[in-house]
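**Q** First the structure, which I've put down as structure tokens, then a few questions once you've had a look.
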Amino acid sequence: MSLKRTPCSMLSLAIVFLSGLFIVPGVATSAVRSCPFCAAPSLTLAEQLSQADAAALVMWADAKKARQVKGKRLPSETTYEIREVIRNGRGAVKKGQRVRLSRFRSGKKGDMFLLLGSRATKVEWGSPLPVTETSYQYIVQAPSPEAAANKRLVYFMKFLEYPDRQIADDAYAEFANAPYKDIAAISKLVPRAKVARWISDARTPPTRMGLYGLLLGLSGNQTDASLMEKKISTPSEEFRLGIDGVMSGYLLLVGEKGLPLIEQLKLKNQFLVDANGKVLTDKKGRKKLVPFSETYAAMQALRFMWSYADGRIAKPRLRQSMRILLDRPELADLVIADLARWKDWSIQDRLMTMYDDKAFNVPAIKRAVVRYMLVCSKDLPKGKNKKKTAGPNPKHVDAALKHLAVLRKRDPKTVMDAERFFFLK
């Protein structure tokens, strides 16, 4: 029986592969160490300002569309007046100076903009950024990117849910760009009660939920753990952006005691259940499935605890949780890759049995099994990889070598395909 991937699972596979999470131990990768549960990093206002040779607060003065004047075609232009100089472009920018840009922008007198430019022989201005007095002060008072991380994040934390969306979005971007270790370092300064309210508030942008779950996990108490447990347990058929951060924050707070909840609701259950454990059905009586995104979020939480949480949960216990998903054909290749990365060599015989199981007859799963065995076969003591060392190989290495020999004989093409892009550092 061949297994069909759903579009959702195929998308997730692509995301995993591209993010490096599918890479097995020893495979070279340039992992990005920004906030694990935030949107993709972007250039913040403070970073844009620091990279500019020239910067000024300007007021809209006039604008003209393209026009004919005495038979000559004149381009669109907008004129701005410099009110404050932030960076003077080596003396090329002065207060009161007028700047004409060859693009039309409607406006009225008093409209404020931030102009950023680079200087070669003259200043080349970028697109004007609309600002208010408040957002302008936010930008110019922000710590520079060279300032200490704790100073920067404490400043931006005050603006995470600021009424001005431009400010709030930029403050969030600062956290999205920050490494986890820098976020964890300010845990005692997190406004715990505010973050808990944001997680509970339906108006909070879904894109923020992962960060807020992480912040609450770093700073919260038992009441906050109960809040996150309720959010995790609430059955949902929808894609819940950021629920991986909430699960991770929950595990940061309660440790190993939180794993049974995650395991039962997201890893073992294939159907949604209510608070009493009763399976939920739709109007036609069909059982409601746990969305792939919820199970994948739980996997992300396990990965986070393994990589970032400094032993908050023992690694053998995390391996135990991940092994639950080996029974799920739609996830098996991802799980095998994780367990290889985590050096869980206890599943070799199980994988060989899966290789011949019709339920797992998927090329991606078979390649994952082969790569697992390849990695295991190279898991030698330090120094033995580069020079001959006395003594026998570890038992798991010899077992993997035997399994590889069997697979090469039984399925040479799959082994060749799996080895093709297999590189170790």
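**Q** If residue 166 meets every condition in (1) out of contact with any helix residue (DSSP H, G or I) (no Cβ under 6 Å at 6 or more places or on another chain); (2) in contact (Cβ under 8 Å) with a residue 24 or more places away in the chain apart from one, which number is that one?
**A** So the condition that residue 166 fails would be (1).
**Q** Shifting gears a bit: Please note which helices (runs of 4 or more DSSP H) are completely contained in segment 75-193 and include at least 2 residues that are outside the structural domain of residue 62 (by TED's automatic domain parsing) and under 30 Å from residue 224 (Cβ atoms).
**A** By residue number, 149-157, 165-177, 180-185.
**Q** Here's a follow-up. Tell me whether segment 187-201 contains one or more residues that are in contact (Cβ under 8 Å) with a residue 60 or more places away in the chain and not hydroxyl-bearing (Ser, Thr, Tyr).
**A** No: zero hits.
**Q** Name the one entry in 338, 282, 357 that is acidic (Asp, Glu) and in the same structural domain as residue 214 (by TED's automatic domain parsing).
**A** 282
**Q** If only one of 121, 79 is β-branched (Val, Ile, Thr) and at pLDDT below 90, which one is it?
**A** 121
**Q** Just to be sure before I move on: is residue 58 in a strand (DSSP E or B), closer than 21 Å to residue 135 by Cα and touching a residue at least 60 places away in the same chain (Cβ under 8 Å) in the structure I sent?
**A** Considered against the rule, which asks whether it is in a strand (DSSP E or B), closer than 21 Å to residue 135 by Cα and touching a residue at least 60 places away in the same chain (Cβ under 8 Å), residue 58 comes out as yes.
**Q** Consider residue 200 against the criteria (1) modelled with pLDDT under 95; (2) within 24 Å of residue 165 (Cβ to Cβ): it satisfies all of them except one. Which criterion is unmet?
**A** The failed condition is (1).
**Q** Here is a further query. Looking at segment 367-379, is at least one residue at pLDDT below 95 and either outside the structural domain of residue 344 (by TED's automatic domain parsing) or loosely packed, with under 13 Cβ neighbours inside 10 Å (or both)?
**A** no
**Q** Inside segment 313-423, counting only helices (runs of 4 or more DSSP H) that do not spill past its ends, which hold 3 or more residues that are closer than 26 Å to residue 265 by Cβ, among the charged types (D, E, K, R) and without any contact (Cβ under 8 Å) to a residue 24 or more places away in the chain?
**A** none
**Q** Go over the candidates 334, 407 one by one and state the one that is crowded, with 16+ Cβ neighbours inside 10 Å and within 30 Å of the chain's Cα centre (by Cα).
**A** It is 334.
**Q** When you go through (1) touching a residue at least 12 places away in the same chain (Cβ under 8 Å); (2) assigned to a loop (DSSP other than H, G, I, E, B) one by one for residue 259, which number turns out not to apply?
**A** For residue 259, the failing item is (2).
**Q** While we're looking at this one, here's another question. Answer yes if at least one residue in segment 297-320 is of a type in the set (S, T, N, Q) and under 23 Å from residue 180 (Cα atoms), and no otherwise.
**A** yes
**Q** Out of the residues in segment 230-279 that are buried (at least 17 other Cβ atoms within 10 Å of the Cβ) and among the acidic types (Asp, Glu), state the one that is farthest from residue 200 (Cα to Cα).
**A** For segment 230-279, the residue satisfying everything is 263.
**Q** Looking at the structure I just gave you, is residue 22 under 19 Å from residue 299 (Cα atoms), in contact with a helix residue (DSSP H, G or I) (Cβ under 6 Å, 6 or more places away or on another chain) and at pLDDT 90 or above?
**A** No; evaluated as a whole, the condition is false for this residue.
**Q** Do we find a residue being at pLDDT 90 or above and among the charged types (D, E, K, R) anywhere in segment 414-422?
**A** no
Yes or no, residue by residue, for (1) out of contact with any His (no Cβ under 9 Å at 6 or more places or on another chain); (2) closer than 26 Å to residue 405 by Cα; (3) surrounded by fewer than 19 Cβ atoms within 10 Å (Cβ to Cβ):
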| site | (1), (2), (3) |
| --- | --- |
| 289 | yes, no, yes |
| 302 | yes, no, no |
| 311 | yes, no, yes |
| 316 | yes, no, yes |
| 363 | yes, yes, yes |
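**Q** Which members of segment 45-70 meet the condition of being modelled with pLDDT under 95 and among the β-branched types (Val, Ile, Thr)?
**A** If the condition is that a residue be modelled with pLDDT under 95 and among the β-branched types (Val, Ile, Thr), then 69 is the only one that fits.
The values are calculated or read from the model by the stated rules, or taken from the named source; none is laboratory data. Note that the coordinates shown come from a computational prediction; the quantities given were computed from them, not determined experimentally. Neighbour counts are summed over all protein chains in view; Cβ atoms, including those assigned to glycine, are modelled from backbone coordinates with ideal geometry.
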